[in-house]
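Read through the structure below, which is laid out as structure tokens, and then see the notes.
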Amino acid sequence: MSQGLAHDAAGAVLGPGHPPGPGAGPGAGPGAGGGAAVRRVLRFLVRRPGLVLSGLVVVLVVLASFRPGLFTSRDPLTGVPSQNFRSPSAAHWFGTDELGRDVFSRVVHGAQLSLKATLIAVVVAFVVGSLIGLVAGFVGRWVDDVLMRFVDVLLSIPALFLSLALVTALGYGTVKVAVAVGIAGVAGFARVARAEVLRVRQAVFVEAARSCGARWYSVLGRHILPNAAGPVIVLATLDLGSSILAVSALSFLGYGAPPPAPEWGTLISDGRNYLANAWWLTALPGLAIAATVLATNRVARALDGEWSRQR
């Protein structure tokens, strides 16, 4: 029996007092754990081809935002009038517009403007909403009541109408559109952040830290913030798709960057006058927006629940 317990083969349990056998050294455990993690990730992705495709779309959009030259060498602002209204072909994948500009190059370069505005909107909503929820949940009392009534007012106004009112007050431009969309999304982040802070604040380890004499900023920074940030970060990933739609909607209405800037919403707005004879001017940029929104939502949904259930 003792020899059987001492035998270390294929991860067998060692008996008390016996030294570990070869292959059970310090490097074996982490290596085996890393291999198992890689296999788990690969198995997770193989079973979800739609998630892999969505991740590829997101990667391509990000690359187009930072390095549009990888996808096209054409100037999105310069056209050839003699080649206007050319339908999609090998020479012009998305066709050409009324000025002979390549629509594919305009969509690729427009990804930079649209993604920039989307990221600014999400960051504004995340930072401002998280601060409001954090202060309301941690301080409580009348501060909580005042801040939550302000959040309720924001929630009572449709997000698009609130964005329109804000961008009208701020003025036109990509950054101002992004700030307006971000402020319109503050309420959702504030409610989630407040709920998480209230949940963590009542935890046993927080009460233990307070009973040991820890100061409020230590409790907030070391215990509450790290444990309450997870759901708020997941909400930020879920908010990417809706922010892309909101930014594109405001650009479509003419509040974005002035022409000839190739924002996605502006491209759709410019092409709507030529739907009868040049459907691709509106349809193909619209498909690019739809694919990006669906892809980001699919990736965010996987991060939100599927991966944790898999683990």
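With 5 Å bins beginning at zero, the pair-distance distribution over Cα atoms of segment 187-237 amounts to 4, 22, 29, 20, 13, 8, 3, 0 %. Exposure proxy for W279, W264, W142: other Cβ atoms within 10 Å of each Cβ, ordered fewest to most, give W142, W279, W264. One chain, two ends: L53 and T78. Fully extended at 0.36 nm per residue, the span grows by 5.7 nm beyond their Cα-Cα distance.
Panel order for V62, V192, by other beta carbons found within 10 Å of each beta carbon, from fewest to most: V62, V192. Rg/Rh for segment 103-241 (Cα atoms only, Rh after Kirkwood) is 1.09.
Residue order for S211, S105, fewest other beta carbons within 10 angstrom first, comes to S211, S105. Per the Debye formula with a single identical scatterer at each Cα and no solvent contribution, what log10 I(q)/I(0) holds for segment 157-311 at q = 0.13 Å⁻¹? For segment 157-311, the Cα-only Debye profile gives -0.76.
Annotation: segment 133-207 has a Kirkwood hydrodynamic radius of 13.6 angstrom, from the mean reciprocal C-alpha pair distance. The packing ranking, built from the mean of other Cβ atoms within 10 Å per residue, places the peptides 202-208, 242-248, 124-130 in the order 242-248, 124-130, 202-208, highest first.
Every read-out reported here was derived from the displayed coordinates using simple, explicitly stated rules and does not represent laboratory data. All values reported here derive from a predicted model rather than from experimental measurement. Cβ atoms come from the backbone with ideal geometry, glycine included; neighbour counts cover every protein chain shown.
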